[in-house]
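> Please see the structure below; I have some questions.
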Amino acid sequence: MDSHNTTWIATVTGTGTTWTFSIVKEIFNCKKLNVLPKEVYKSEKGYFKVFKENALLDRNERNHYVLQCHAKLALHLIQARSKVITNVRNPYDNCASHYEFMKCDVEQAIRNGMHIPLLIQHYTKLSKEKMFLLKYEDIDEKPVDLIERISRFLGIEIARETAKKLADKYSRENVKKIIAKNDKLVSDKMLAGEKLSDREMVITPGSNIIGSFDTVTGYQSRQISGRKTGEWRTVFSDSQIKRIIEALDETAVMLGYRSEKV
């Protein structure tokens, strides 16, 4: 049987995708593997292309592919040489995150939250050896333990101290610093009238808002909010809150989160 050479981060947006993607790459880097692709793509199309044209055909045991998408991958493709990590998050918090980051309407943000159980149900058809379910809240509350569990799932043993260093490197505060640094670089170039490359900037869909894009991790402007888990209501009006609870409460309870109905 061919060895595991590809790890997919297959998630709903706003559930900790970029953190998971970065941590998995770091874990394989710890073992001096050649982590591919070297480029961080803004669209999942780039990762699908790499998977089809490179990963499926690659027999070099020193190469490992870490790819990401927000879709249901064909399970028969994963059964061969891939593993999947998918994330779960309270759909209320996810709704607020998607609404703020994407600058979309409430209905689109609601649909994003409702997609979480659909993706989980799809990937739980895989064996436990092939699929890892990551709880978003553990990123903030138990990052070191989480990183150790991810590494064991990947078949990579790392020291506790290494897990601590990775947790610190990708802590909320340090990620904010990465984003702030990139935002300043983009802002300075714009003020100086310099041309921005496609690699270093991103434009929010449906708007003319230009933000920064980190070419190492994929973190973007505004990706880390100042809200804490459970503070989703602060983003919406009373009428929006009522609509969101009506639409998402069943999904939240299904995923193991508490009901928001009075």
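> Taking a virtual spin label 7 Å from the Cα of Ser197 along the C-beta vector, which residues in the stretch 14-35 bring their backbone nitrogen under 11 Å of it?
none
> For the stretch 1-140, what is the accessible area per residue in Å², given a 1.4 Å probe and the full set of protein chains?
I get 44 Å² per residue for the stretch 1-140.
> Then there's this: Return the whole-Å distance between the Cα centroid of the stretch 33-63 and the Cα centroid of the stretch 211-255.
With the stretch 33-63 and the stretch 211-255 each reduced to a Cα centre, they are spaced 30 Å.
> Moving on to the next point. Given 0.36 nm per residue, what is the gain on full extension from Arg258 to Lys176 after removing their alpha carbon distance, in nm?
Result: 26.6 nm gained on full extension.
> To continue, here is another question. Using +1 at the C-beta of Lys and Arg and -1 at the C-beta of Asp and Glu, which of Ile209, Ile158, Leu196 has the Cα lying farthest in the positive direction of the dipole of the stretch 149-212?
Among Ile209, Ile158, Leu196, the one farthest towards the positive end of the dipole of the stretch 149-212 is Ile158.
> Over the stretch 125-187, what is the relative contact order in percent, taking alpha-carbon pairs closer than 8 angstrom and at least six residues apart?
Across the stretch 125-187, relative contact order equals 26 percent.
> To continue, here is another question. Give me the net charge of Glu44's neighbourhood, meaning all other residues with Cβ under 15 Å from the Cβ of Glu44; Lys, Arg count +1, Asp, Glu -1.
Every neighbour counted, the sum reads +3.
> For Glu231, what accessible surface area do you get with a 1.4 Å probe? Give it in Å², rounded to 10.
70 Å²
> Further question on the same structure: Sum up the charges of everything whose Cβ sits under 12 Å from the Cβ of Leu154, counting Lys and Arg as +1 and Asp and Glu as -1, but leave Leu154 out.
+2
> Output the relative contact order of the chain, whole-number percent, from Cα pairs under 8 angstrom with separation of 6+ residues.
That works out to 23 percent.
> Could you order peptides 109-122, 50-63 by the average number of other Cβ atoms within 10 Å of their residues, highest first?
In decreasing order of mean packing, 109-122, 50-63 become 109-122, 50-63.
> Can you tell me the FRET efficiency between Ala80 and Leu118 if r is taken as the Cβ-Cβ distance and R0 is 35 Å, rounded to the nearest 0.05?
Step by step, r from the Cβ atoms, then E = 0.90.
> Another question, then. Give me the distance in nm between label points sitting 7 Å out from Cα along the Cα-to-Cβ direction at Lys130 and Lys52, one decimal.
Taking the two extended label points, one gets 2.1 nm.
> Using C-alpha positions alone, give me the convex hull volume of the stretch 46-158 per residue in cubic angstrom.
Convex hull volume per residue, Cα atoms: 125 Å³.
> For the chain, max minus min Cα coordinate along each principal axis, in Å, sorted largest first?
Per principal axis, max minus min of the Cα coordinates gives 55, 51, 36 Å.
> Pairs of Cα atoms under 8 Å, at least six residues apart: use those to get the relative contact order of the stretch 174-246, whole percent.
Rounded, it is 27 percent for the stretch 174-246.
> With label points built 7 Å along Cα→Cβ from the Cα atoms of Lys103 and Thr234, find their separation and express it in nm.
2.2 nm
> OK, next. Suppose every K and R has +1 on its Cβ and every D and E has -1 on its Cβ; what is the size of the dipole of the chain about the Cα centre, in Debye to the nearest 20?
500 debye
> Same structure again: How would His64, His4 line up by accessible area, probe 1.4 Å, largest first?
His4, His64
> Report the antiparallel proportion of the DSSP beta bridges in the chain as a percent, rounded to a multiple of 5.
Antiparallel: roughly 20 percent of the beta bridges in the chain.
> While we're on this one: From the helices alone, meaning DSSP H stretches of at least four residues, give me the mean residue ellipticity at 222 nm for the chain, per-run term -39500 (n - 2.57), in deg cm²/dmol to the nearest 500.
-15000 deg cm²/dmol
> Now, a different point. Sorted by mean Cβ packing within 10 Å, highest first, what order do the peptides 13-20, 132-139, 170-177, 240-247 take?
Sorting 13-20, 132-139, 170-177, 240-247 by mean packing, highest first, produces 13-20, 132-139, 240-247, 170-177.
> Would you mind classifying the stretch 106-262 by shape? Square roots of the alpha carbon gyration tensor eigenvalues, ordered a ≥ b ≥ c; an a/c under 1.5 is rounded, otherwise it is prolate if a/b is larger than b/c and oblate if not.
oblate
> Something else now. Quick one: net charge of Lys165's neighbours, Cβ under 14 Å, K/R +1, D/E -1?
Taking every other residue near Lys165 into account, the sum is -1.
> Per residue, how much accessible area does the stretch 182-259 show when a 1.4 Å probe rolls over the protein heavy atoms, in square angstrom?
61 Å²
The values are calculated or read from the model by the stated rules, or taken from the named source; none is laboratory data. Not measured: the values here are computed from a predicted model. Because the Cβ atoms are built from the backbone with ideal geometry, glycine has one as well, and the counts that use them run over all protein chains shown. Side chains included, ligands, DNA and RNA excluded: accessible areas come from the protein's heavy atoms. Shrake-Rupley method; radii C 1.70, N 1.55, O 1.52, S 1.80 Å.
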